[in-house]
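*Asks:* Submitted below is the structure of interest, expressed as C-alpha cells.
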Amino acid sequence: MGIFGWDYPPGCNSVPGDEPDPPCDICGLDPFDCICPECSECGECGNPKCYEEHGLIRTQKQLDSKAEADRIYNEY
C-alpha cells in the first residue's frame with residue numbers, strides 16, 4: 001500500500017478507463033482537433049466506413065495530416 005492508502009497494480013500508470021482517445025483514422029489528429037466533415041448519412045466524423053460506403057471523399061488536407069501523423073508515429 002502506498003503512502004496515500006492505495007496504489008495502482010504493477011504496470012498500471014493511470015486509472016483504468018481514463019486513457020486518451022485514439023487519433024482519428026482519417027486525418028490522424030486528436031478527436032477534438034479532427035478536421036473531418038460530418039457524414040450526411042450517419043452524422044459521424046472520421047469514420048472510415050463513411051468514406052467507403054457513404055460517398056465521402058478525403059481532402060488533400062486530410063491526406064497530408066494523416067501522412068504527417070503516421071510519420072511522427074513511426075519515428076517513435
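Quick note: the coordinates plus some simple rules give every number you see, no bench work behind them. Source: prediction; values computed, not measured. Glycine gets a Cβ as well: all are built from the backbone with ideal geometry, and neighbour counts include every protein chain shown.
*Asks:* Among the residues of region 41-50, which ones are farther than 21 Å from Asp21 by Cα and out of contact with any Cys (no Cβ under 9 Å at 6 or more places or on another chain)?
*Replies:* None - no residue of region 41-50 is farther than 21 Å from Asp21 by Cα and out of contact with any Cys (no Cβ under 9 Å at 6 or more places or on another chain), so the list stays empty.
*Asks:* Further, regarding this structure: Could you list all residues from region 28-76 that are crowded, with 18+ Cβ neighbours inside 10 Å and in contact (Cβ under 8 Å) with a residue 24 or more places away in the chain?
*Replies:* Gly28, Leu29, Cys36, Gln62, Ser65, Lys66
*Asks:* Taking Asp25 as meeting all but one of (1) surrounded by fewer than 17 Cβ atoms within 10 Å (Cβ to Cβ); (2) touching a Cys at 6+ places or on another chain (Cβ under 8 Å), write down the number of the exception.
*Replies:* (2)
*Asks:* Would you pick out the residues in region 37-76 that are part of a loop (DSSP other than H, G, I, E, B) and under 16 Å from the mean Cα position of the chain (by Cα)?
*Replies:* Matches in region 37-76: Pro37, Glu44, Gly46, Asn47.
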